[in-house]
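Presented below is the structure to which this report refers.
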Amino acid sequence: MLELDNIQGYLIRGYAHMLYSRFVYLQISDAGSAKIWLSKIWKEITSAKHFHDKSKISSTHLNLAFTHDGLRALGLNEENLGAFSREFRQGMVAPHRSRLLGDTESSSPENWSWGASHQEPIHLCLMIFGNDKQFVDNLEKDKVVCLNYYEELASEFAGHGLKELFYIDGKTQPDNKEHFGFRDGISQPIIEGSGRVGDKDDVIKTGEFLFGYKNEFGVYPDSPLIVKEQGDLNLLSSDTGGSGQKDLGRDGTFMVIRQLDQDVNKFWSFMNENSKNPDGSINVAESLKLGAKFMGRWQNGAPITLFPDEDPGISSLVNDFGYAKFDRDGLKCPFGSHLRRQNPRDNVDDHGRKESLKLSKQHRIIRRARLYGEIYEGSPTNLTPKGEVGLVFVCFNADISRQFEFLQYTWANLPKNKELYNDPDPIIGAKETLDPGEEQNFTIQDIPVSKTIKNIPRVVTVKGGGYFFFPSINVLRYLSTL
């Protein structure tokens, strides 16, 4: 079992009952004052501890993460900063990383609202959540609790050497639907030892998500170890790998944040256009079906692998299925659908079931997402939200390169996948502008001839992002002693 009291809670739990949150981005202007603040605030950080008595769960939750620049600003010396992985040190906006992630044109960091190299550097992110226990699934009541707690915290910023740069408010719907109208967050890995239960194929070795534990390769992930002594080292665990050095990473992980604008109108207009009746009118049923093919699930969450013909019409959390068993040839859920690409389960390329599951497990992420902008549920007939809407995408992984970046570059952006040649991920992998002669399609496998939907549009634009270190609670305490 994991040391849940030492692990920040947002990794293990999605805080689904807390419908309102605020992500606050801060800069350290005075390291000494900031460390005094940290020496007090670590006691308020929400851990992953499980409460059998739900009434004892706090009405507010708080978690905290640092950028590489933030750890430097706090006073971690260069030798110890150098112990972190290359991806974290370089950050999301290194030019070659932007190319790898597909952050070009409108999604280029030069157009971002935050996180770009030409903007003020972010040092840390405070994640604040609220829930009014007197009401069930009441966004407005949760908002009051969340923002009251934020005001309390913010009153301490200036006096403790912290400058607020900006914030993003994240919201959740009770049925957890995102702006395109699809139920979100159904397929999540289960961290071995976390106490969560579920299908064995979803149980992933702890080291895929936490430093200090073995991963799916049977080795310990590359944890940042203390190279040069500083701070109160008695607060840190020793390296589980046996080096004798103190481990800054133990019970912590990396957090990826991306602000993703969703073009609801463009998405559903494209579905409508490519499924319309002969007279040109909208065929709502066929448009919904095409949208489900693109996504891999119906809007209520039911997997099209198990329900290929029509939405069963009920909210569904069904996740216990494999593509090799139910849909090896992609005739139900297309090979190129977003969810099948991001988690191919037991059907990776031409590998057998056992090898496919092994490969899939080596690239899983813990995914969290919150809505920003108007709460909006898109559909073929409801496709014009007011203003910008999108997701505050958050994911956790111990290896940014092999997990998040691999999923984005290899399984999302690359147009070659299984028997496909011009098919990027239709939700997060499509390019904005094609090269001469280049095609960008979505293929629906069928017999005797597959159907090709041509010229799929880019429907998601990156507005900001960054890589953060999400330390254990003990390490937060240690950082205050630097």
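Brief remarks follow.
- Considering the conditions (1) among the small types (Gly, Ala, Ser); (2) closer than 19 Å to Ala398 by Cβ; (3) touching a residue at least 60 places away in the same chain (Cβ under 8 Å), Ser33 is excluded by exactly one of them, (2).
- The numbered conditions (1) open to solvent by 10 Å² or more (accessible area, probe 1.4 Å); (2) among the β-branched types (Val, Ile, Thr); (3) farther than 19 Å from Asp103 by Cβ; (4) touching a helix residue (DSSP H, G or I) at 6+ places or on another chain (Cβ under 8 Å) are all true for Ile453 except (1).
- In segment 116-134, the residue that is nearest to the chain's Cα centre (by Cα) out of those that are farther than 30 Å from Pro95 by Cα and open to solvent by 80 Å² or more (accessible area, probe 1.4 Å) is Lys133.
- Filtered residue count, segment 152-168, keeping only those that are under 10 Å from Val24 (Cβ atoms) and acidic (Asp, Glu): 1
- Summed over segment 174-200, the residues that are outside any loop (DSSP other than H, G, I, E, B) and either surrounded by 19 or more Cβ atoms within 10 Å (Cβ to Cβ) or touching an Asp or Glu at 6+ places or on another chain (Cβ under 7 Å) (or both) give a count of 4.
- Count of residues meeting criterion [more than 26 Å from Leu476 (Cβ to Cβ), of a type outside the set (Val, Ile, Thr) and not in a helix (DSSP H, G or I)] in segment 103-142: 13
- Strands (runs of 3 or more DSSP E) wholly inside segment 368-482 containing at least 1 residues that are at pLDDT 95 or above, under 23 Å from Ser117 (Cβ atoms) and touching an Asp or Glu at 6+ places or on another chain (Cβ under 7 Å): 390-397, 460-470
- Applying the set (1) surrounded by fewer than 16 Cβ atoms within 10 Å (Cβ to Cβ); (2) under 30 Å from the mean Cα position of the chain (by Cα) to Leu248 leaves exactly one unmet item: (1).
- Among the residues examined, Val284 qualifies as open to solvent by 30 Å² or more (accessible area, probe 1.4 Å) and not charged (D, E, K, R).
- Qualifying residues in segment 21-42 (those that are in a helix (DSSP H, G or I) and either open to solvent by less than 20 Å² (accessible area, probe 1.4 Å) or of a type in the set (A, V, I, L, M) (or both)) - the one farthest from Ile128 (Cα to Cα): Ala31
The values are calculated or read from the model by the stated rules, or taken from the named source; none is laboratory data. Remember, predicted model here, so these are calculated numbers, not experimental data. Cβ sites come from the backbone with ideal geometry, for glycine too, and all protein chains shown count toward neighbours. For the accessible areas, the whole protein counts, side chains as well, though only heavy atoms, and no ligand, DNA or RNA atoms are used. Shrake-Rupley method; radii C 1.70, N 1.55, O 1.52, S 1.80 Å.
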